[in-house]
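Please treat every number below as a calculation from the coordinates, not as lab data. This is a predicted model, so every value here is computed, not measured. We place every Cβ from the backbone using ideal geometry, glycine too, and count neighbours over all the protein chains shown.
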Amino acid sequence: MSACCYWNIYRAGVWKGDPWWLKIDATSDRLNLELVREEIATGPHPPAFRYVLGSLVRCLYRAALPSLPFSAYPHGVFDASVPLTLSLPIPDALDAAESLRAYANGIHGPLLSRLEGMPLGATESEQEYWQEALERLQKYAAKAQKIRDGAGLKAEENPA
């Protein structure tokens, strides 16, 4: 029996990771984010939230600085999973923090509408990239809403 077949027959199951909580802090021109395992911020978010956060941060950065080329984005922002701690220079970081906090708390519509209204990009590759990022956020929002509906939860009206 090959190792591949042996593994598939005898594996114990799927490992489910621990949830994340997202700390969001902002000054007028800097957005500070930290993904933590302690219940001290917005959450709980599913284990895969770390990957959604990357798309979310890139889209927020793009909304704040629409003409900024990819090469000028902060280091680590285009990694598959963004660093656990980020400090981003961004104009109107307080507004970006509120948009992020609302999205993280289940109020997806305002940010998604804002992103859907933006032009996708100048080149075909930029258009394709931003369309995929938007679709990732839309899929996460739909899945999160389905989970909330199934659990009888409502999005927080006044996220703190």
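Taking only C-alpha pairs under 8 Å that are 6+ residues apart, what is the relative contact order of the chain in percent?
For the chain, the relative contact order is 23 percent.
Return the aspartates and glutamates within reach of K23: Cα separation strictly under 14 angstrom, same-chain partners fewer than 8 residues apart disregarded; answer none if there are no such residues.
Within the straight-line cut-off, K23 pairs with E34, E38, E39, E98.
Hey, rough spin-label estimate for D95 and I40, points 7 angstrom out along Cα→Cβ, what's it come to in nanometres?
3.0 nm
Let me know the whole percent of all Cα-Cα pairs from the chain that are separated by more than 27 Å.
28 percent
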